[in-house]
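Here is the structure we will look at.
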Amino acid sequence: MSLFCIGISHHTAKVETRERYALRRSEEALRAGSGCAEALILPTCNRVEVYGAADSTIGTGEIVRCLAESETIEDAGAFYRYEGEDCVRHLFRVVSGLDSMVIGETEILGQAKKAYENARASGNAGPLLHRLFQRAFRAAKQVRSRTEITRGAVSVGSVAVELAVKIFGDLRERKVLLLGAGETSERTARALSSRGVTDIRVTNRSHERAETLAAVVRGHAVPFGEWANQCAEIDILISSTSADEPLLTPGILSPLLRERLDRPLFIIDIAVPRDVAPEVNEMDGVYLYDIDSLQSIAAQSLALRRQQITAGEEIIAEHVSAFRARYGQLGEAAKYPPGSAGFDEATLRASEL
Amino acid sequence: MDRQLLIASTLCFFTALVRTLLATRDGISLHGRFNFFAIGLGFLFQTAFLTIRGHALGRCPLTNLFEVFVFLAWSVALIYLLIGPAYRLSLMGAFTAPLVFALQTFALAAPIDVAHHSRLPANPWLEFHASISMIAYGAFALACVAGVMYLVQERQLKTHQIHSIFYRLPPLTNLFAAITRLLWLGFALYTAGLISGFFTGGPLPRLKMVCAFAVWLFYGAILQGRHLRWFAPKRVAALCILAFSAAVSVLWAINFVSQTRPV
């Protein structure tokens with residue numbers, strides 16, 4: 001029995017093509033339509049892949065037709081196919097985040113586990129796919145723990161959250177002020193909220209707009225005239241007004257800092273032109289980041305992740321070799337059909353996930 | 001035999017140091033556990049060395065500068081093993097190992113292991129005074145280490161130059177909390193050491209007393225400044241480094257002077 005993978009991803013097709021195959025197909029239907037002994041569909045926002053095991057070669061067209069639920073195939077060229085050891089390596093790379101659009105992202109591991117659990121529960125993943133995926137999860141875990149592939153945030157919002165965590169540690173007791181009601185500041189506030197921040201204050205020249213955004217981020221609106229006084233209380237300031245001149249200068253901040261000498265102030269200035277004078281960053285305990293510095297850190301993180309790809313590939317190569325050594329022609333495990341003594345529920349313990 | 005134990009201990013700290021440097025160079029994840037166990041093993045060898053030396057001397061092994069440095073290194077490792085994991089400052093091991101390694105390498109390399117015949121008989125108060133003061137120095141040393149970590153992290157945050165170590169260092173507020181606690185711990189132990197010095201029964205050497213009070217006042221001033229919020233956290237971190245450098249210099253000077261002429 002041999003392993004294969006047929007799929008479409010962000011590397012080979014645009015979203016309008018991928019979305020035609022993104023609807024979840026039944027693995028039973030796929031097995032019935034193609035004649036696979038085992039099948040598992042891995043659908044994510046960036047890929048749809050079918051992992052299968054069969055005694056005879058199954059054509060790519062058959063799988064694509066089953067996925068499209070159509071006899072005519074328009075996008076056959078967008079699909080790729082890996083067999084045997086290449087299929088094993090591809091899965092290990094995918095689950096480890098090496099093949100992701102954002103290298104090192106960790107969501108894919110959860111999606112793969114969910115896809116595997118569905119296929120296992122429905123009886124479509126047999127012994128070969130079971131062992132393949134268990135090995136893939138181990139490989140992914142090692143790639144994460146032994147390399148820096150997941151280090152660093154790669155979006156403006158997540159960089160801001162990461163910096164906040166590096167300054168304050170626990171964010172639950174922190175107070176945040178949104179100065180201006182821009183879209184990026186809303187996203188950043190949501191990201192902070194997801195890390196436990198509950199005290200979010202919103203101020204804007206239009207109080208009505210401030211109240212609307214406060215409702216969205218589950219905070220409360222404060223009058224615009226009070227924003228400077230709020231700086232004595234808050235820990236994080238996210239500024240995104242459309243002011244022509246800097247609103248916050250060392251002259252305004254200096255007397256407020258005396259009241260908060262041992263509490264850092266993290267300022268995220270995502271306005272263009274900037275709302276906060278750059279000299280503010282020179283003040284003790286104040287950490288000022290504008291949009292360029294946040295984007296630069298995101299780019300640094302991405303570069304750091306790219307540097308880790310080689311180390312990740314080495315770990316994956318070890319696991320591919322181990323898998324090949326253990327399962328010979330990558331099909332030996334399948335000599336125990338589902339339901340036999342060699343392949344029962346105990347073997348496929350969900351706890352192994 | 002006892003020096004071999006100390007060499008083995010030094011090698012353990014050297015291993016932790018090399019491992020940290022290699023991990024940093026290769027950009028791979030550094031497991032705090034490795035450093036913790038390397039330092040733990042080094043600590044066991046140190047303890048064995050001090051025990052053997054103590055039995056041979058029939059007193060606490062603080063009779064010459066060599067033993068003072070080893071005891072100080074032992075105190076640093078002890079405080080790290082006690083507080084490092086508790087405060088989730090596992091990376092502190094990466095900073096502690098070089099300090100302990102440097103102290104022990106200096107002790108082994110310098111010709112300072114000179115047999116010193118004590119003029120005084122074994123005195124429990126004197127030994128308590130000396131050992132508790134050394135453990136206080138261990139706490140001050142780790143406050144200094146945490147101060148270095150704070151300044152490294154603060155510098156990266158200020159300059160926006162985020163390096164690999166940024167992700168491994170603890171948050172600023174956690175580091176500052178650790179600095180404050182270590183300062184209080186060291187100050188309390190040092191105060192106990194100073195007070196116990198008055199119960200030793202012997203004549204109190206003036207130079208030692210002046211130096212010891214100067215160190216006590218320095219740390220007291222840092223804590224007072226911290227308490228009254230005169231100093232920003234960055235300044236407290238810098239003062240911890242300065243104070244420990246001064247304290248070690250004073251410690252060395254006191255021992256050097258007391259071995260060359262009576263004080």
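Worth pointing out:
- Filter pass, B:Phe231 being among the aromatic types (Phe, Trp, Tyr), touching a helix residue (DSSP H, G or I) at 6+ places or on another chain (Cβ under 6 Å), free of Cβ contacts under 8 Å to residues at least 60 places away in the same chain and assigned to a helix (DSSP H, G or I): no
- All of A:Leu261, A:Leu237 fail the test of being within 24 Å of B:Gln153 (Cβ to Cβ) and within 14 Å of chain B (Cβ to nearest Cβ), apart from A:Leu261.
- Close pairs (9 angstrom Cβ cut-off, 6 or more residues apart or separate chains): more than 25 Å from A:Ser321 (Cβ to Cβ) and assigned by TED's automatic domain parsing to the domain that holds A:Arg324 in region A:119-131, aromatic (Phe, Trp, Tyr) and not in a helix (DSSP H, G or I) anywhere: A:Ala119/A:Tyr51
- Annotation: B:Ala243 fulfils all but one of (1) touching a Phe, Trp or Tyr at 6+ places or on another chain (Cβ under 8 Å); (2) at positive phi; the unmet one is (2).
- Annotation note: Cβ proximity below 9 Å between a residue of region A:198-225 that is more than 22 Å from A:Arg172 (Cβ to Cβ) and at pLDDT below 95 and a residue that is in a loop (DSSP other than H, G, I, E, B) and among the basic types (Lys, Arg) (sequence gap 6+ or interchain) occurs for A:Phe224/A:Arg205.
- Taking the criterion of being surrounded by 19 or more Cβ atoms within 10 Å (Cβ to Cβ) and either without any contact (Cβ under 8 Å) to a residue 24 or more places away in the chain or under 31 Å from the mean Cα position of the chain (by Cα) (or both), the residues of region A:244-274 that qualify are A:Pro264, A:Leu265, A:Phe266, A:Ile267, A:Ile268, A:Asp269, A:Ile270, A:Ala271, A:Arg274.
- Residue match in region A:44-62 (condition: of a type in the set (D, E, K, R) and without any contact (Cβ under 8 Å) to a residue 12 or more places away in the chain): no
- A:Thr184 being outside any helix (DSSP H, G or I) and either within 13 Å of another protein chain (Cβ to nearest Cβ) or among the polar types (S, T, N, Q) (or both): no
- Some residue of region A:153-175 being in the same structural domain as A:Ser239 (by TED's automatic domain parsing), more than 30 Å from A:Ile309 (Cα to Cα) and in a helix (DSSP H, G or I): yes
- Subset of region B:196-228 [more than 30 Å from A:Leu261 (Cα to Cα) and in a helix (DSSP H, G or I)]: B:Ser196, B:Gly197, B:Arg206, B:Leu207, B:Lys208, B:Met209, B:Val210, B:Cys211, B:Ala212
- Leading residue by the ranking (surrounded by the fewest Cβ atoms within 10 Å (Cβ to Cβ)) among those in region A:280-291 that are within 11 Å of chain B (Cβ to nearest Cβ) and assigned to a helix (DSSP H, G or I): A:Glu282
- Looking only at region B:159-205, residues that are under 30 Å from A:Pro278 (Cα atoms) and away from chain A (no Cβ under 14 Å) come to 0 in all.
- Candidate set: region B:69-102, residues that are surrounded by fewer than 23 Cβ atoms within 10 Å (Cβ to Cβ) and under 11 Å from B:Gly138 (Cβ atoms); chosen: the one modelled with the highest pLDDT: B:Leu78
Residues are listed down the side, and each one gets a yes or a no for (1) of a type in the set (Asp, Glu); (2) closer than 17 Å to A:Gln300 by Cβ; (3) surrounded by fewer than 20 Cβ atoms within 10 Å (Cβ to Cβ):
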residue: B:Pro124; (1), (2), (3): no, no, yes
residue: B:Met134; (1), (2), (3): no, no, no
residue: B:Gly138; (1), (2), (3): no, no, no
residue: B:Gln156; (1), (2), (3): no, yes, yes
residue: B:Thr159; (1), (2), (3): no, yes, yes
residue: B:His163; (1), (2), (3): no, yes, yes
residue: B:Leu172; (1), (2), (3): no, no, no
residue: B:Leu183; (1), (2), (3): no, no, no
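- Out of A:Leu294, A:Leu302, one residue alone is in a helix (DSSP H, G or I) and away from chain B (no Cβ under 11 Å). It is A:Leu302.
The values are calculated or read from the model by the stated rules, or taken from the named source; none is laboratory data. In this text, all values refer to a predicted model and were calculated from it rather than measured experimentally. Here Cβ is always computed from backbone atoms with ideal geometry, including for glycine, and neighbour counts include all displayed protein chains.
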